[in-house]
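Student: Before anything else, here's the structure in question.
Derivation of every value follows stated rules applied to the coordinates shown; laboratory data play no part. Since the structure is predicted, the reported quantities are computational estimates derived from the model, not experimental observations. With ideal geometry, Cβ positions are generated from the backbone for all residues, glycine too; neighbour counts draw on all protein chains shown.
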Amino acid sequence: MTIRHTSSPGRIRLTILLSVMLPMFWAAPPAHAQDAPIRRGLMQTRARALMERLARGDEITVVAFGDSLTAGWATEGRDAFPSIVADVLQYRFPKSTVKLITRGHPGETTAGALRKLLGNVVAREPDLVLVQFGGNDMGWGRSVRDFRRDLARLLARVADETTAPVIACLPPISHADPNNEWSDTARKVARGVGIPAADLDRAIRAGDPDFRGPFPYESHPDGFTHVVMAREVLRALDETTRTRPALACRFVEGSAPATGANHTVEARVTSRVGDPLNVEARLEWLAEGLDRQFALAAGKTHTIRHAIALPLQPFPGHSYRIPVRVMARGGGHADFDLCWLTVAPAITADRAPDGNVDLGALTWHPISGDALTLGRHTWLGPTDLIARFATVVLPDTLRFLVQVADDSIAVASLADPSQGDSVELYLDLRGDADQGKPVYSSSVLALQAIAPVRAGAAARWRSMQALPGDPNSIKVACAAIDGGYSVTVDIPLAPIVARRGENWQGFGFDVGVNDADFGGTRDCQLMWTGFPDNYLNPAYLGGLYLDEIPAGATRRTLR
């Protein structure tokens, strides 16, 4: 059929204008294109259909669309939360094939995400979409109003331009108030658009957060925090599909000195329903795995124990850690836990009950070239930088002595002691239940002492964060010695005993030395056992014990 049009020039111009504008409105429908209740019901219907397809054994595509959190910065690949979510779904539905497409754009805002939506998400024809943006909107100084508008458009478009259920992964925000304007805006937008939300900010705060916030020193959260985020995403998906969790599995965590080439890990699988379950579980570490099957009575717990071979025996010097994961499925549900087994050196403190310290009688521990963590290409050998340390228990004080041989002293600034000649001391004074957690609390000390300007000069030192209690109770002395300098740190035993008890066994400990031969910039760093990011993650610290430990024992921490 042919239709003839007779139009005036004005009508032709209007028609041309509309032909240009309509595709623009079609490509970016407003957030209210569908009412929130309608879209919310649509998301539930799509999510249930997705679960039916997974149970049937179909292949599904999960698209994770976000910024550097989605990209997994600061994680070890499979530790990023989208990868964990995909792995758990794959284990929960073994007949299916779960394909993960990660589109993480570091530094991206919701405005930039709108421009990338078509190629990154829509063109992939996803079956499930995880959308995670917002932190960079605040970081780049955008207004809350613009963030609200663009997040609403982004969520609405993902829902309306795909056939997939969508989970809005609301970003962690570096703010002391959990109900800050940015987080509350993200929550209101998700509700207003009708998209299920995984509230990553609240989940992190409710877990074991770093007391300095989710991004201390503007760093990215490591795998420990990504586990928390993955659990929240899976919770949101279960809630959307009205799935009742049938079981839970968790590792038994802890820290203790141990010997031998194997380490036994323990995981517990607990029923959360009133009917018996036939459970399958899998333990994974490095490139190995172990599968178990067992019946689980209603409300009961089954314990899985397995001795895994440590990859490095005898201990090589620096701490190392092994990711260990457990997954369990039963009753149409699945759960997981992911921990890291950290193996570190362990030493015993010397004692001077009369208060007299004989330097020649102390046990000195070397910090040599094997302890280099930075600047291997610039370290010129023992004549350039080498150190040793000792620890001794006095009647009311725990003393740390560090002697540094340095051929050229470049005095550091208190603004950043690590960029000059300085000593770093790390102590994890938390209780047994928290030892080795890879996040800071106020009971983890990170002290920096600067090499003296000249003989007799007053000590200059600082704590990287606010000290618990009176900072004057810690005494620091620095002295110039032949060929270098020494640092002595006295920490009262009272606060240690208050946190650890009279028999304060096994807390985390490390000593580092920074060298800046030419001043202004660090050339190299020696660290007894940890790494340059000790100030972010205290999990790699070695162990300092009050009583004798078995010969060859290492500190092993599962967190």
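Student: For a test of the definition: using alpha carbon positions, the gyration tensor, and the 1.5 limit on a/c, classify the range 146-186 as rounded, prolate or oblate.
Tutor: The shape class here is prolate.
Student: Using a 10 Å cut-off on Cβ atoms, rank the peptides 258-264, 527-533 from the highest mean neighbour count down.
Tutor: Answer by packing, highest mean first, reads 527-533, 258-264.
Student: Report the charge-dipole magnitude of the range 20-240 in Debye, nearest 20, computed about the Cα centre from +1 at each Lys and Arg Cβ and -1 at each Asp and Glu Cβ.
Tutor: Dipole about the Cα centre, nearest 20: 620 debye.
Student: Also: Step through the residues of the range 126-140 one at a time and calculate ³J(HN,Hα) from phi using the Karplus curve (6.51 cos²θ - 1.76 cosθ + 1.60, θ = phi - 60°), rounding each to whole Hz and writing x for Gly and Pro.
Tutor: After applying 6.51 cos²θ - 1.76 cosθ + 1.60, I find x, 9, 8, 10, 9, 10, 9, 9, x, x, 6, 4, 5, x, 8 Hz.
Student: Using R₀ = 25 Å, calculate the FRET efficiency as 1/(1 + (r/R₀)^6) where r is the Cβ-Cβ separation of residue 396 and residue 312; round to 0.05.
Tutor: The formula returns an efficiency of 0.05 here.
Student: How big is the range 145-224 on each of its three principal axes, counting only the C-alpha atoms and giving the largest first in Å?
Tutor: Taking max minus min along each principal axis of the Cα atoms, the range 145-224 gives 39, 27, 20 Å.
Student: Related question: Full extension from residue 188 to residue 149: what is 0.36 nm times the residue separation minus their Cα-Cα distance, to one decimal in nm?
Tutor: Details: separation 39, 0.36 × 39 = 14.04 nm, distance 1.15 nm.
Result: 12.9 nm gained on full extension.
Student: Then there is this: Across the range 271-281, in residue order, what do the Karplus-derived ³J(HN,Hα) couplings come to in whole Hz, using 6.51 cos²θ - 1.76 cosθ + 1.60 with θ = phi - 60° and x for Gly and Pro?
Tutor: Taking θ as phi minus 60°, the curve returns 6, 10, 10, x, 10, x, 10, 9, 10, 10, 9 Hz for the range 271-281.
Student: Which FRET efficiency, nearest 0.05, do residue 97 and residue 351 yield, Cβ-Cβ r, R0 56 Å?
Tutor: Approximately 0.35, to the nearest 0.05.
Student: To continue, here is another question. If I histogram all Cα-Cα distances within the range 479-559 using bins 10 Å wide from 0, what percent of pairs lands in each bin?
Tutor: Per 10 Å bin, starting at 0, the Cα pair percentages come out as 13, 34, 35, 15, 2.
Student: What net charge do the residues around residue 47 carry, taking every other residue with its C-beta under 12 Å from that of residue 47, with Lys and Arg at +1 and Asp and Glu at -1?
Tutor: +1
Student: Projecting each Cα onto the charge dipole of the chain (Lys/Arg +1, Asp/Glu -1 at the beta carbon, about the Cα centre), which of 457, 521, 355 comes out farthest on the positive side?
Tutor: 521
Student: Would you please name the chymotrypsin sites (Phe, Trp or Tyr not before Pro) within the range 200-245 that are DSSP coil residues with at most 14 other C-beta atoms within 10 Å of their C-beta?
Tutor: Loop-located and lightly packed - 211.
Student: Here's another thing I want to ask about it. Largest first and in whole Å, give the semi-axes of the range 318-439's equivalent ellipsoid, each being the square root of 5 times a Cα gyration tensor eigenvalue.
Tutor: 37, 23, 14
Student: What dipole magnitude, in Debye to the nearest 20, does the range 231-286 give about its Cα centre under +1 on Lys/Arg Cβ and -1 on Asp/Glu Cβ?
Tutor: 140 debye
Student: Where does the range 20-240 land on Rg/Rh, using Cα atoms and the Kirkwood Rh? Display every interim value, and only then the final one.
Tutor: On the way: Rg = 16.4 Å, Rh = 17.4 Å.
In the range 20-240, Rg relative to Rh is 0.95.
Student: Do any of 95/437; 116/188; 188/437 go past 30 Å between their Cα atoms, and which?
Tutor: 95/437; 188/437
Student: Same structure again: Projected onto the charge dipole of the chain (+1 at Lys/Arg Cβ, -1 at Asp/Glu Cβ, origin at the Cα centre), which of 409, 211, 367 gives the Cα projection farthest towards the positive end?
Tutor: Going by the Cα projections, it comes out as 211.
Student: Return 218, 232 ranked ascending by Cβ neighbour count within 10 Å, so the fewest neighbours appear first.
Tutor: Neighbour counts put them in this order, fewest first: 218, 232.
Student: For 437, 99, which order do you get if you count the other beta carbons within 10 Å of each Cβ and list the fewest first?
Tutor: Numbers: 437 22, 99 15.
By the 10 Å Cβ count, ascending, the order reads 99, 437.
Student: Along the principal axes of its C-alpha atoms, what lengths does the range 247-342 span, in descending order and rounded to whole Å?
Tutor: Computed over the range 247-342, the largest-to-smallest principal extents equal 49, 25, 17 Å.
Student: Could you check the simple spin-label distance between residue 359 and residue 480, using points 7 Å along Cα→Cβ, in nm with one decimal?
Tutor: The modelled label-to-label distance comes out at 1.6 nm.
Student: Using the eigenvalues of the Cα gyration tensor, what equivalent ellipsoid semi-axes result for the range 42-173 when each is taken as the square root of five times the eigenvalue, whole Å, largest first? Mind showing how you got there, number by number?
Tutor: Details: eigenvalues 134, 59, 24 Å².
After scaling each eigenvalue by five and taking roots: 26, 17, 11 Å.
Student: Sum up the charges of everything whose Cβ sits under 15 Å from the Cβ of residue 301, counting Lys and Arg as +1 and Asp and Glu as -1, but leave residue 301 out.
Tutor: Taking every other residue near residue 301 into account, the sum is +3.
Student: Let me ask something else about it. Would you mind getting me the FRET efficiency between residue 547 and residue 176? Use the beta-carbon distance for r and R0 = 60 Å, nearest 0.05. Write down the numbers at each step before the final one.
Tutor: Working: r = 40 Å, r/R0 = 0.67.
Given R0 = 60 Å and the Cβ-Cβ separation, E is 0.90.
Student: Still on this structure: So what J values fall out for the range 343-350 if you push phi through Karplus, 6.51 cos²θ - 1.76 cosθ + 1.60 with θ = phi - 60°, rounded to Hz, Gly and Pro as x?
Tutor: 10, 9, x, 9, 9, 10, 6, 6
Student: What size of dipole, in debye to the nearest 20, comes out for the chain about its Cα centre when the only charges are +1 on Lys and Arg C-beta atoms and -1 on Asp and Glu C-beta atoms?
Tutor: So the magnitude is around 3060 debye.
Student: Another one. In what sequence do 306, 318 fall when counting other Cβ within 10 Å, fewest first?
Tutor: The fewest-first ordering by Cβ neighbours comes to 306, 318.
Student: Can you tell which of 397, 298, 487 lies farthest toward the positive end of the dipole of the chain, using +1 and -1 charges on the Cβ of basic and acidic side chains (Lys, Arg; Asp, Glu)?
Tutor: Going by the charge dipole, the pick is 298.
Student: To continue, here is another question. Could you list the chymotrypsin sites (Phe, Trp or Tyr not before Pro) in the range 428-526 that lie in coil according to DSSP, counting only those with at most 10 other Cβ atoms within 10 Å of their Cβ? Don't jump to the answer; show the numbers that get you there.
Tutor: On the way: sites: 440, 461, 485, 504, 507, 509, 518; in loops: 440, 504, 518.
Filter output for the range 428-526: 518.
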